[in-house]
1. Pull out the extension gain between Asp111 and Ala10, defined as 0.36 nm times the separation in residues minus the alpha carbon to alpha carbon distance; nm, one decimal.
2. Let me have the relative contact order for the chain, percent, based on Cα pairs under 8 Å that are six or more residues apart.
3. Filter the DSSP H helices in the chain by two things, a Kyte-Doolittle mean of at least -1.0 and an axial alpha-carbon span of 18 angstrom or more, and list the hits by number.
4. Could you tell me which label, among (i) 48, 36, 31; (ii) 68, 37, 28; (iii) 46, 38, 28, carries the value of Cα extents along the principal axes in Å calculated for this structure?
5. Sequence gap of 8 or more, or different chains, plus Cα separation below 19 Å: how many lysine pairs satisfy both in the chain?
6. For Asp169 and Lys18, what is the calculated FRET efficiency with R₀ set at 25 Å and r taken between the beta-carbons, to the nearest 0.05?
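Derivation of every value follows stated rules applied to the coordinates shown; laboratory data play no part. Quick caveat: nothing in here was measured; it's all calculated off a predicted structure. Cβ: placed from backbone, ideal geometry, glycine included. Neighbour counts: every protein chain shown.
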Amino acid sequence: MTTFVALLRAVNVGGTGKLPMADLVAMAENAGFECVRTYIASGNLLFESRSSASEVKETLERALAAYAGKPVGVMVRSAAEMAAVLSANPFPDAAPNRTLVTFLDARPPEDFLDHVVAPGGEEVRGGVREIYVHYGAGMGTSKLRLPAAKAGTARNMNTVARLVAMTADARVRSGR
């Protein structure tokens, strides 16, 4: 059994619209996932499954499309991958609420930094299947343009750290 984190794109912040977390939990349980729980009402789902990450993604996207009436992007990471994202943070001394990770399905394009426009001095770094951004002056007034992140979904480092802690708690409780 693998512990996964699924990060839904555009849930409760526009685009896809509102999705009560209780409905998301029910969807995941109906799909056969176990130990299902959510973290804050912004599309963070934790669960266990014997399926592969690609099967989990396909299952969730199909169920969410049926629910929402349109496609909903889902980024899936194992507990180990989430921990690696946290430890790879290239801005470890920056305020975690001003550092975002955009999760992608694939590695960012080799030239993605060539297309970044960061007029507010935002710092951008690539990861394995992520893009890290440090918003030194905050996100509220940022004019950052990051085309490679359009298909992804972002979480701040506080959220990433909490999700990693929750996956660790789940493994301890289940004896893994």
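1. Working: separation 101, 0.36 × 101 = 36.36 nm, distance 2.57 nm.
Gain in length upon complete extension: 33.8 nm.
2. On the way: 292 pairs, mean separation 40.5, N = 176.
Computed value for the chain: 23 percent relative contact order.
3. Working: long enough: 53-68 (22 Å, -0.06); 157-174 (26 Å, 0.26).
Span-like helices here: 53-68, 157-174.
4. Here the calculated entry is (iii).
5. On the way: Lys18/Lys70; Lys57/Lys70; Lys57/Lys150; Lys70/Lys150.
The result is 4.
6. Values: r = 28 Å, r/R0 = 1.11.
E between Asp169 and Lys18, to the nearest 0.05, is 0.35.
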